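Below: one structure, written as structure tokens.
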Amino acid sequence: QVQLVESGGGLVQPGGSLRLSCATSGILFRINTMAWYRQAPEKQRELVATISTAHRETYADSAKGRFTISRDNAKSTLYLQMNSLKPEDTAVYYCNDRAGSWTWGQGTQVTVSS
């Protein structure tokens, strides 16, 4: 049974930082390209960042230079370090593989507001 459990969200002021975590179980984490997605109110879910099994990273233009994706294969956990946060980063953040293959978790809410 696949489980994706996101955590680490919260309310932060513009310019602040958060580190999101995604604990996974029931998948062969180390052989999958993993990804972070986000969904803002009344918008479609969008891809934020990916990391391959070789730790090659890609980012949406909106995340470049501010977000860093990483993975710990020993812990089957995915991370997203978010710096210089902006109000437009406000969304529910989810993890999944690059294709969105698994049942989505509950996500973690990130709210950037003064």
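No lab work stands behind these numbers, since they all come straight from the coordinates. Note that this is a predicted model, so its numbers are computed, not measured. Because the Cβ atoms are built from the backbone with ideal geometry, glycine has one as well, and the counts that use them run over all protein chains shown.
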Practice task
Can you list which of the GluC sites (Glu not before Pro) found in segment 42-108 are DSSP loop residues with at most 10 other C-beta atoms within 10 Å?
Solution key: Glu42
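For the chain, calculate the relative contact order in percent as a whole number, restricting contacts to Cα pairs under 8 Å that are 6 or more residues apart. Write out the running numbers ahead of the final one.
Numbers: 272 pairs, mean separation 42.0, N = 114.
The normalised contact order for the chain reaches 37 percent.
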Handout entry: Average projection area in nm² (convex hull over Cα atoms of the chain, one quarter of hull surface)
Key = 6.4 nm²
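For segment 26-91, calculate the relative contact order in percent as a whole number, restricting contacts to Cα pairs under 8 Å that are 6 or more residues apart. It would help to have the intermediate numbers written out before the result.
Details: 89 pairs, mean separation 17.6, N = 66.
27 percent.
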Completion exercise
So, with points 7 Å from each Cα along the Cβ direction, the Leu28-Asn73 label distance in nm works out to 1.2 nm
